[in-house]
Amino acid sequence: MARINSPAELEAFRKEILSRRDPTKPCITLCSGTACHATGSKEVAIAIEEELKKQALADKVDFRKTGCHGFCEKGPIVVIDPEETCYLQVTPDDVPELITAALKEHTVVERLIYTDPNTGEKTAHEPEIPFYKHQKRMVFGANRRIAPQSLEDYLANDGAKALVKALVEMTPEEIIAEVKDAGLRGRGGAGFPAGVKWEFARKSKGEPKYVVVNCDEGDPGAYMDRSLMEGNPYGVLEGLIIGAYAIGAHEGYFYVRQEYPLALENLSVAIERAEARGLLGKNILGSGFDFTVKVHRGAGAFVCGEETALLRSLEGKAGEPRPRPPYPAVKGLWDKPTNINNVETWANVPLIINKGAEAFASIGTEGSKGTKIFSLVGKINNTGLVEVPMGITLREVIFDIGGGIPKGKKFKAVQTGGPSGGCIPEKLLDLKVGFDELTKAGSMMGSGGMIIMDEETCMVDVARYFVDFLTDESCGKCVPCREGLRQMHKILTRITEGKGKKEDIATLESLAETAVEASLCALGSTAANPFLSTFRYFKEEYTAHIDDKRCPALSCKELISYYINPANCTGCGLCLKNCPDGAIDGGKKKIHIIDQDKCTNCGTCFDVCPPKFNSVIKISGEAVPPPIAEEQRVIVRKKKGK
Amino acid sequence: MDTARIDQIIDKHDGEASALIQVLLEIQSENHWLPKAVLARVSEKLRVPLSQIQHIATFYKAFSLVPKGRHQVHICMGTACHVRGATRVLEKVQDLTGIKPGETDLELKFSLETVNCLGCCALGPVMEIDGKTHGKITPAETPDVIESYE
Amino acid sequence: MSEIPLQIDGKDVVAEEGDTILEAAQGAGISIPTLCHHEKLAPYGGCRICVVEAESKGASRLVVSCVHPVEKNLIVRTRSEKVDRIRKTLLELLMAHAPESPALRQLADEYGADGERFEKEISFCVHCGLCVRYCAEVVKKNAVGFIDRGVRKEISFIPEIAAKECDDCKECFPLCPTSYLQAAYVLVESLAFRRD
């Protein structure tokens with residue numbers, strides 16, 4: 001591969017790539033992100049390749065395996081370009097019909113296109129599908145059009161234009177000013193203005209300086225960074241090079257979770273190819289700017305997402321955070337000025353350089369500019385990754401894009417910000433998404449996880465869940481976090497088991513204050529947020545658990561009993577058959593009864609009882625009705641008509 | 001794992017102490033666990049105290065100081081999977097295998113781990129065995145899946 | 001090194017750039033309670049007992065004095081309602097592990113800490129890290145270290161090194177505020193030392 005030695009050569013190469021590409025030529029695009037792999041996209045890929053060969057279409061049709069498209073609920077996803085016909089939940093068996101329809105008959109396979117779950121309306125054209133229509137995919141959209149390892153795809157999609165503009169037409173100070181004026185705030189959780197951070201690093205004394213990409217995405221339920229890194233590694237790299245040039249750093253690090261093998265693979269190839277082409281390394285594109293990168297894998301520690309813990313991990317040490325001040329911009333990696341930003345933050349940089357600060361800042365709200373990628377997961381119909389402009393309401397995201405709550409259940413809360421965040425209830429659904437707005441509501445933007453919860457979610461259990469997560473992930477160095485979490489965990493567990501005491505809330509609040517005021521890092525200081533926010537909006541659930549020993553959501557195992565409603569039971573026997581503890585007494589045409597002493601509350605009977613009978617119910621806070629008399633258990637089937 | 005191979009991995013990282021975690025990750029990946037003799041060799045060659053290596057090998061959950069079973073069972077306990085009932089799947093699998101998360105059974109057949117988020121939230125609850133994803137898994141379905149592994 | 005003027009408990013103090021608030025206070029004869037601090041060891045910032053109120057530009061916040069650098073014209077208060085309340089809770093949390101520790105009892109009396117407030121988990125180790133750090137930084141033998149993280153974090157002797165070095169040293173023993181260290185040593189000695 002020939003090295004590209006100047007911007008002019010790059011443009012010539014780009015022209016040459018585009019000249020070889022016919023935009024009218026049919027292209028089959030298959031989403032090949034990790035989530036789609038899990039639903040079987042690898043098998044679909046093989047089926048497509050075989051079918052194209054079989055129908056002698058291999059040289060008439062392009063086949064592109066891209067990164068994540070975001071509509072993860074409906075994977076594997078196949079899109080036929082240039083028509084942008086979108087096929088969902090494609091199986092290998094569907095492939096022959098699909099290819100014939102798309103490429104020979106020029107028809108649409110109706111059963112595989114999007115169907116609105118409420119209206120039944122079908123949409124084949126990808127941009128018009130409600131899930132996509134309401135999004136603004138300025139950063140994530142590229143995933144749809146590029147094969148992650150392909151530099152040519154990247155360049156054909158306007159890649160590296162920002163890099164050239166930055167290196168050739170702008171000074172480092174101008175770049176920093178542009179990023180400041182754009183109002184780009186960190187997308188990793190803290191939301192600190194990126195341009196201001198860059199400026200600190202630039203002005204700090206000390207050589208060498210470093211730039212770092214934080215891809216240690218750890219919030220459970222958040223996988224935006226994984227999809228960005230998997231799907232568009234060149235995009236992140238371009239942002240990083242621009243930032244390095246602005247700050248005056250010549251060495252960069254990617255810190256990627258080892259749980260992300262596909263991201264690591266695609267990133268490594270991208271780096272190799274960029275180096276070979278002169279877009280990375282010595283004298284980039286003849287600009288005189290040198291910059292190299294190394295990739296470090298994380299080793300399974302959530303706390304390493306915290307910037308100072310990450311830096312310690314890069315140094316080969318245990319991920320224990322360092323006190324701040326001094327901040328990494330002054331004393332970071334090996335005590336040198338270091339700028340560390342999240343993957344999505346870096347990915348926004350080429351956009352800002354290309355479009356300009358004003359255009360970027362025209363999107364969003366006063367305090368939150370641009371877009372944000374969220375992972376919309378949990379009790380939601382359209383699970384996936386969505387990119388929306390700041391300022392959109394939660395209601396629009398959850399209902400217009402997310403398609404609302406499955407199985408006709410009622411929305412209860414949306415959890416944002418991971419273990420550092422909080423739950424936002426139904427009455428605040430018209431809140432505009434933004435850093436300050438979410439913080440004011442008692443949560444935070446965080447890295448972008450949006451977990452939707454319905455009426456069956458117990459909010460006390462949610463608080464316990466996050467504290468449980470943190471007891472394991474805390475580095476354990478400081479007392480407020482380690483010991484505070486230890487005690488918070490004991491208390492919240494007791495409450496969910498019906499052993500709550502009157503003074504528990506006051507104790508939790510005291511532990512929360514101690515954690516906020518005296519913790520070493522943000523993991524500790526935000527550890528009480530899940531409790532504080534669920535208590536703020538769902539106080540009645542805490543009261544019910546502590547005072548009445550009742551779980552209103554019918555979720556906490558120790559506080560519920562399973563009961564077969566004699567009025568509905570048809571004696572079908574499914575519950576008895578599946579009960580792992582032999583706790584159900586029944587027989588043919590006999591109303592079944594659960595022996596409460598043998599029952600372990602596993603919930604299997606509840607799961608297997610056919611919905612049309614709906615006989616198994618959960619009871620909490622009151623006594624289980626005594627078993628009905630033997631004579632009454634015989635089921636007499638009413639004859640129809642007579 | 002023989003000393004020559006360990007030295008090879010260390011030399012690939014230029015014997016830099018800061019590469020400790022990367023070195024251990026490679027060894028873990030090839031050997032599936034970190035025997036004490038290996039840690040001692042790494043300590044010697046990278047000139048990092050054994051007490052520090054021990055801290056790092058126990059601090060980071062990617063490492064195992066004990067041999068692992070033939071089959072790695074990972075149950076996702078991410079928030080999305082949690083609200084969809086992952087805890088009950090975990091309890092059922094604990095019953096079936098006789099081990100708790102972090103443990104390996106006596107026949108070295110299964111190692112059970114809970115993991116924080118596999119990012120397949122659309123398929124929650126998710127159980128991953130040897131890298132294969134079993135999505136939308138219910139407690140009732142787990143016996144068949146577990147029993148299918150030798 | 002430039003001079004940094006600040007105020008601690010109403011007293012004007014002059015410190016040097018790079019000093020911590022604790023160092024500045026100690027230099028001025030003002031005492032701040034500590035647990036994990038030792039003059040021979042690098043500041044650790046683990047126990048957080050030395051928190052103080054620090055006010056600059058009209059805004060006040062709590063900072064950990066053993067690691068926080070002095071700032072020009074900072075107003076420091078080593079005691080306040082909030083500081084005392086936080087110290088009390090920290091002590092109560094630690095006493096759940098080591099209720100009889102003399103060092104903790106002394107501070108508990110001063111701050112009105114109730115050793116019964118939290119559910120006990122009597123492991124005795126309060127993770128001050130003095131033993132681990134002393135062996136690493138002063139004696140430089142690294143015979144004892146930390147293992148794991150979070151609520152499962154513990155100290156652990158390396159039997160091979162401890163068997164060789166500790167008998168003639170034991171300089172860390174008097175540092176342990178709860179005497180857990182001595183117990184841990186005796187246990188590993190009986191279980192794991194191989195003396196040839």
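The values are calculated or read from the model by the stated rules, or taken from the named source; none is laboratory data. Since this is a predicted model, take the numbers as computed values, not measurements. Here the Cβ positions follow ideal geometry from the backbone for every residue, glycine too, while neighbour counts run over all protein chains shown.
Tabulated data
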{"item": "Every residue from the range B:132-150 that is free of Cβ contacts under 8 Å to residues at least 12 places away in the same chain and under 17 Å from the mean Cα position of the chain (by Cα)", "result": "B:Lys132"}
{"item": "Any hit, the range A:373-389, residues being surrounded by fewer than 24 Cβ atoms within 10 Å (Cβ to Cβ), without any contact (Cβ under 8 Å) to a residue 60 or more places away in the chain and in the same structural domain as A:Lys407 (by TED's automatic domain parsing)", "result": "no"}
{"item": "Residue ID - nearest to the other protein chains (Cβ to nearest Cβ), chosen from residues in the range A:438-465 that are buried (at least 24 other Cβ atoms within 10 Å of the Cβ) and farther than 22 Å from A:Tyr542 by Cβ", "result": "A:Gly449"}
{"item": "Boolean, B:Ile146 is assigned to a helix (DSSP H, G or I), within 23 Å of A:Gly40 (Cβ to Cβ) and touching a helix residue (DSSP H, G or I) at 6+ places or on another chain (Cβ under 7 Å)", "result": "yes"}
{"item": "Sole exception among (1) within 13 Å of the chain's Cα centre (by Cα); (2) farther than 23 Å from C:Arg152 by Cα; (3) crowded, with 18+ Cβ neighbours inside 10 Å for B:Thr58, by number", "result": "(2)"}
{"item": "Hits in the range C:55-83 - residues which are free of Cβ contacts under 8 Å to residues at least 60 places away in the same chain and either under 20 Å from the mean Cα position of the chain (by Cα) or assigned to a helix (DSSP H, G or I) (or both)", "result": "C:Leu62, C:Val63, C:Val64, C:Ser65, C:Cys66, C:Val67, C:His68, C:Pro69, C:Glu81, C:Lys82, C:Val83"}
{"item": "Enumeration of residues in the range A:7-59 that are part of a loop (DSSP other than H, G, I, E, B) and either surrounded by 15 or more Cβ atoms within 10 Å (Cβ to Cβ) or among the aromatic types (Phe, Trp, Tyr) (or both)", "result": "A:Pro26, A:Ser32, A:Gly33, A:Thr39, A:Gly40, A:Gln55, A:Leu57"}
{"item": "Pair list, Cβ under 6 Å, 6 or more apart: the range B:48-64 residue within 7 Å of another protein chain (Cβ to nearest Cβ), other residue outside any helix (DSSP H, G or I) and among the polar types (S, T, N, Q)", "result": "B:Pro49/C:Asn142; B:Ser51/C:Asn142; B:Ala62/A:Gln258"}
{"item": "Flag for C:Lys72 being in the same structural domain as C:Asp19 (by TED's automatic domain parsing) and loosely packed, with under 14 Cβ neighbours inside 10 Å", "result": "yes"}
{"item": "Any hit, the range A:131-150, residues being surrounded by fewer than 23 Cβ atoms within 10 Å (Cβ to Cβ) and either modelled with pLDDT under 95 or at positive phi (or both)", "result": "no"}
{"item": "Selection from the range A:117-150 of residues that are within 23 Å of A:Thr345 (Cβ to Cβ) and hydrophobic (A, V, I, L, M, F, W, C)", "result": "A:Met138, A:Val139, A:Phe140, A:Ala142, A:Ile146"}
{"item": "Exclusive hit being among the hydrophobic types (A, V, I, L, M, F, W, C) and closer than 17 Å to C:Leu35 by Cα, set C:Cys125, C:Cys135", "result": "C:Cys125"}
{"item": "Pick from the range A:82-130, criterion of a type in the set (Ser, Thr, Tyr) and in a loop (DSSP other than H, G, I, E, B), ranking: modelled with the highest pLDDT", "result": "A:Thr91"}
{"item": "Single residue of A:Pro626, A:Pro611 found to be over 30 Å from A:Met453 (Cβ atoms) and at pLDDT 90 or above", "result": "A:Pro626"}
{"item": "Residue within the range A:610-629 that is part of a loop (DSSP other than H, G, I, E, B), within 30 Å of A:Thr534 (Cβ to Cβ) and of a type in the set (S, T, N, Q) present", "result": "yes"}
{"item": "Total residues in the range A:198-235, condition more than 14 Å from chain B (Cβ to nearest Cβ) and crowded, with 24+ Cβ neighbours inside 10 Å", "result": "9"}
{"item": "Residues that are closer than 17 Å to A:Thr115 by Cα and either touching a strand residue (DSSP E or B) at 6+ places or on another chain (Cβ under 6 Å) or buried (at least 17 other Cβ atoms within 10 Å of the Cβ) (or both), drawn from the range A:401-410", "result": "A:Ile401, A:Gly402, A:Gly403, A:Gly404, A:Ile405"}
{"item": "Hits in the range C:98-124 (condition: touching a His at 6+ places or on another chain (Cβ under 9 Å) and within 11 Å of another protein chain (Cβ to nearest Cβ))", "result": "C:Lys120, C:Glu121, C:Ser123"}
{"item": "Whichever residue in the range A:236-263 is within 12 Å of chain B (Cβ to nearest Cβ) and assigned to a loop (DSSP other than H, G, I, E, B) and, among such residues, is surrounded by the fewest Cβ atoms within 10 Å (Cβ to Cβ)", "result": "A:Gln258"}
{"item": "Within the range A:264-372, helices (runs of 4 or more DSSP H) holding 3 or more residues that are under 26 Å from A:Ala518 (Cα atoms) and in the same structural domain as A:Met224 (by TED's automatic domain parsing)", "result": "A:307-314"}
{"item": "Near pairs, Cβ below 6 angstrom, 6+ apart or cross-chain, from the range A:466-481 (within 7 Å of chain C (Cβ to nearest Cβ)) to any residue that is acidic (Asp, Glu)", "result": "A:Cys475/A:Glu320; A:Lys477/A:Glu320"}
{"item": "Single condition C:Cys47 does not satisfy, out of (1) closer than 26 Å to A:Cys475 by Cα; (2) in a strand (DSSP E or B)", "result": "(2)"}
{"item": "Check on A:Leu438, assigned to a helix (DSSP H, G or I) and in contact with a strand residue (DSSP E or B) (Cβ under 7 Å, 6 or more places away or on another chain)", "result": "yes"}
{"item": "Hits in the range A:151-207 (condition: of a type in the set (A, V, I, L, M), in a loop (DSSP other than H, G, I, E, B) and modelled with pLDDT of 95 or more)", "result": "A:Ala160, A:Met170, A:Leu184"}
{"item": "Residue that is farthest from the other protein chains (Cβ to nearest Cβ), among those in the range A:375-419 that are hydroxyl-bearing (Ser, Thr, Tyr) and under 30 Å from A:Ser362 (Cβ atoms)", "result": "A:Thr393"}
{"item": "Residue match in the range A:514-528 (condition: assigned to a helix (DSSP H, G or I), within 12 Å of another protein chain (Cβ to nearest Cβ), among the β-branched types (Val, Ile, Thr) and crowded, with 18+ Cβ neighbours inside 10 Å)", "result": "yes"}
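Condition check ((1) free of Cβ contacts under 8 Å to residues at least 40 places away in the same chain; (2) in contact with a Gly (Cβ under 7 Å, 6 or more places away or on another chain); (3) assigned to a strand (DSSP E or B); (4) surrounded by 17 or more Cβ atoms within 10 Å (Cβ to Cβ)) across all residues:
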| site | (1), (2), (3), (4) |
| --- | --- |
| A:Glu541 | no, no, no, yes |
| A:Arg550 | no, yes, no, yes |
| A:Ser555 | no, no, no, yes |
| A:Tyr563 | no, no, yes, yes |
| A:Cys599 | yes, no, no, yes |
